Amino acid sequence: MNILDQYILRTPCAQNVVDLFDGEWSSQMPDSSGLRSKPGTAALFADTRISWAGKVFGGYANKDILELGPLEGAHSFMLQDAGAKSVISIEANSRAFLKCLCIKELFGLNRVSYKLGDFVSYLEENKCKFDIAIASGVLYHMDDPIRVLDLIASAADKIFIWTHYFDRDLLSRSENFADRFGEMQTASHQGFEYRFAPHAYKQALDWSGFCGGPQTTSKWLARESIIGFLSRLGFSDIRADLEEPDHPNGPAFAICAQRP
């Protein structure tokens, strides 16, 4: 690398900031911004999952929110736009964190605080109670997802989760998953028996825009194990929606869970 290649000699503009991560963006920039991100295939700045959770929870206005794995800041943007009082957002992927800081600067996210590091460690040490915890696209990247669910539940009585889950029959419909999963296994956490399957990222690790977990493998929980454990934790109002059994990256669904 020639250090002189790191200089931007074009007139300062917002697109220069986006282009710092050219080819690495998952998020499509907001239509109103006039910005272009590549490949930018996901409309995360207008994500129906976050909108749905807001309706279930009665809105985000004046709420203190914990966001786990913000990826590129799109959901943070939506939360502030919806009137959140504060958003503490924790990202372990250093390049994703830098993209979040770019979004914070570009869109003036002055009520969002991004923190670089492991949110599992944060949850283990956290003493604060948040109004809402948002965990979109992170559970299936965890090595111990059932324990992570337990930790999230200790931080808020309203939690939103969007996640892939393991279902051998559904996954067998696509050859993309043929060699990425092991056999279903059973384990126990604090007396709760649950099912999961080991998962390997394989060639996905070769992309500079990789947005998975910090290890080469993770564990995908069975759908019923996720709902069952939330019920065990005292969430009496559990709503599952936005079912995507044929999602290209594996079966997925969203949950809003609330305790009295």
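Taken together, the values in this text are just the output of simple stated rules run on the coordinates, not laboratory data. Keep in mind the model is a prediction, meaning the values are calculated, not measured. For neighbour counting, all protein chains shown are included, and Cβ atoms are generated from backbone atoms with ideal geometry for every residue, glycine included.
Might you report the magnitude of the Cβ-based charge dipole of segment 23-142 about its Cα centre, with Lys and Arg at +1 and Asp and Glu at -1, to the nearest 20 debye?
For this selection, approximately 160 debye.
Please state the charge dipole magnitude for the chain, taken about the Cα centre, from unit charges on C-beta atoms (+1 on K and R, -1 on D and E), reported in debye and rounded to the nearest 20.
Value, rounded to 20: 540 debye.
Give the residue from LEU98, TYR194, ASN176 lying farthest towards the positive end of the charge dipole for the chain; charges sit on Cβ (+1 for Lys and Arg, -1 for Asp and Glu) and the dipole is referred to the Cα centre.
Looking along the dipole axis, the top candidate is LEU98.
Compute the separation of the alpha-carbon centres of segment 240-260 and segment 77-154 and state it in Å as a whole number.
When both Cα centres are located, 19 Å separates them.
At q = 0.15, 0.16 Å⁻¹, what log₁₀ I(q)/I(0) does the chain have when each alpha carbon counts as one equal point scatterer in the Debye sum?
-1.13, -1.28
Within segment 58-79, what residues put their amide N at less than 16 Å from the label point 7 Å along the Cα-to-Cβ vector of LYS115?
64-71
In µm²/s, what is D for segment 101-187 at 25 °C and 0.890 mPa s, where D = kT/(6 pi eta Rh) by Stokes-Einstein and Rh is the Kirkwood radius from Cα pairs?
156
Taking the Cα-to-Cβ direction at ASP81 and at ASN62 and moving 7 Å from each Cα, how far apart do the two end points lie in nm?
Taking the two extended label points, one gets 2.3 nm.
If you take the beta carbon distance between ARG168 and ARG232 as r and set R0 to 25 Å, what does 1/(1 + (r/R0)^6) give as a FRET efficiency, to the nearest 0.05?
0.55
Could I have the simple spin-label model distance between THR48 and LEU98, label points 7 Å from Cα toward Cβ, reported in nm to one decimal?
Those two pseudo-labels are separated by 3.5 nm.
Please quote Rg/Rh for segment 139-185 to two decimal places, taking the Kirkwood radius as Rh and restricting both calculations to Cα atoms.
1.07
Extending each Cα 7 Å along its Cβ direction at ASN16 and PHE177, get the distance between those two points in nm, one decimal.
4.5
Beyond 22 Å between alpha-carbons counts as too far, so tell me which of LYS55/LYS99; LYS99/LYS219; LYS63/LYS158 fall in that bin.
LYS55/LYS99; LYS99/LYS219
Among GLY23, GLY137, GLY191, whose mean-square fluctuation peaks in a Gaussian network model of the chain (Cα, cutoff 10 Å)?
Residue with maximal mean-square fluctuation among GLY23, GLY137, GLY191: GLY191.
Net charge around SER37, counting only other residues with Cβ within less than 13 Å of its Cβ (Lys, Arg = +1; Asp, Glu = -1)?
Combined, the nearby Lys, Arg, Asp and Glu give -2.
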